[in-house]
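Structure, as structure tokens:
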Amino acid sequence: MVRIQFSIDLQYEVGFPGADFIFNLQAARTRQQTVISEQLTLSQTLPTLSHTDAITHARTLRLSAQPGPLRVSYQGTVDLNHHCADPQAVPEVPVARLPAEVLSFLYPSRYCQSDRLGNLAMAQFGHLPHGYLRVQAIRDWVQSQVKFKSNTSNSMTSAIDTLTDRVGVCRDFAHLMIAICRALNIPARFTTGIDYGADPALGPPDFHAYVEVYLGHRWYVFDPSGTAIPMGFIRIGTGRDAADVSFATIFGPVSSLPPLIQISALTHPDASWQSPVHRDDALSTDGLP
């Protein structure tokens, strides 16, 4: 089991007459991800409205802020008890046997135009045996074709743009992998967390985008950017693509500073906690009932 401690600090200046916020920054509660403790602090005294999605377990927080400074701080401790499987033994699930709640992750979406990638997907991966290893090959191909470079894309960049430009950040890698999976009738979704284990040369700790693919009746974790350690990912938001899971959606006049994020793995000689490492097992933090 892995125990992760983290904090997220967001700072805003809200203009007149105020602004509405929808935050997606709290750790999801799943069958393999347990929130041991958490604390949310707001610098303004405000009523809030919370909601947990019944399917993805993503937790949203809504509030209306007054003009002036607004600081949102969230700290948490999470236990990750991964489901681990032999990659060679994890099959794809035929469309006819997919649960209803998975079907939306088969369709094209704003940033993942899978309907335009059918020929490429079949040419590159159509001949491979179906299962986890085929999805792993998609991940490796995306990693080999796209170069990670900060400030090379924007909020409008799609999977097709990334395929053309061959450069991007973690969300771009994720969109391209998702689009190719869906083009092969493999459900895939966009997931946000924190980039545990990323090279400090890439910058301070930040939000991270990765991919979950539905295989063998579970959602398995893949990191197509290859910049962090999947065993240390805390799942926060889950959706069809980045449009669904922004850590903050803002309605009104607001300026902001970059997020301040800290994350660490806890270890103790008397506990069963282990440090996250790269491993060859198929990892999942979410299985459907």
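General remarks:
Yes/no matrix, rows are residues, columns are (1) under 22 Å from residue 256 (Cα atoms); (2) in contact with a strand residue (DSSP E or B) (Cβ under 7 Å, 6 or more places away or on another chain); (3) charged (D, E, K, R):
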{"residue": "3", "(1), (2), (3)": "no, yes, yes"}
{"residue": "8", "(1), (2), (3)": "yes, yes, no"}
{"residue": "11", "(1), (2), (3)": "yes, yes, no"}
{"residue": "24", "(1), (2), (3)": "yes, yes, no"}
{"residue": "45", "(1), (2), (3)": "yes, no, no"}
{"residue": "48", "(1), (2), (3)": "yes, yes, no"}
{"residue": "74", "(1), (2), (3)": "yes, yes, no"}
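A quick yes/no check of all residues on (1) assigned by TED's automatic domain parsing to the domain that holds residue 61; (2) assigned to a strand (DSSP E or B); (3) among the hydrophobic types (A, V, I, L, M, F, W, C):
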| site | (1), (2), (3) |
| --- | --- |
| 185 | no, no, no |
| 213 | no, yes, yes |
| 225 | no, no, no |
| 231 | no, no, yes |
| 258 | yes, no, no |
| 273 | no, no, yes |
| 278 | no, no, no |
| 283 | no, yes, yes |
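- Residue in region 269-285 that is under 30 Å from residue 15 (Cβ atoms), surrounded by 13 or more Cβ atoms within 10 Å (Cβ to Cβ), modelled with pLDDT of 95 or more and of a type in the set (A, V, I, L, M) present: no
- Residue match in region 22-36 (condition: surrounded by 15 or more Cβ atoms within 10 Å (Cβ to Cβ) and more than 21 Å from the chain's Cα centre (by Cα)): no
- Lone unmet requirement of (1) surrounded by fewer than 18 Cβ atoms within 10 Å (Cβ to Cβ); (2) within 23 Å of residue 219 (Cβ to Cβ) for residue 117: (1)
- Selection status of residue 54, of a type in the set (A, V, I, L, M, F, W, C), in contact (Cβ under 8 Å) with a residue 60 or more places away in the chain, farther than 21 Å from residue 261 by Cβ and not assigned by TED's automatic domain parsing to the domain that holds residue 197: no
- Lone unmet requirement of (1) among the charged types (D, E, K, R); (2) surrounded by fewer than 16 Cβ atoms within 10 Å (Cβ to Cβ); (3) over 18 Å from residue 252 (Cα atoms) for residue 59: (2)
- Out of 96, 174, 137, 123, sole residue that is modelled with pLDDT of 95 or more and either β-branched (Val, Ile, Thr) or crowded, with 17+ Cβ neighbours inside 10 Å (or both): 174
- The residue pairs whose first member lies in region 242-260 and is surrounded by 13 or more Cβ atoms within 10 Å (Cβ to Cβ), whose second member is assigned to a loop (DSSP other than H, G, I, E, B) and not basic (Lys, Arg), and whose beta carbons are closer than 6 Å, counting only pairs six or more residues apart or on different chains, are 242/111; 245/24; 247/24; 247/25; 253/15.
- Considering (1) crowded, with 23+ Cβ neighbours inside 10 Å; (2) of a type in the set (Gly, Ala, Ser); (3) closer than 20 Å to residue 186 by Cβ, the lone condition that residue 228 does not fulfil carries the number (3).
The values are calculated or read from the model by the stated rules, or taken from the named source; none is laboratory data. Please read these numbers as outputs of a predicted model, since none were measured by experiment. Neighbour counts run over all protein chains shown; Cβ positions are idealised from the backbone, glycine included.
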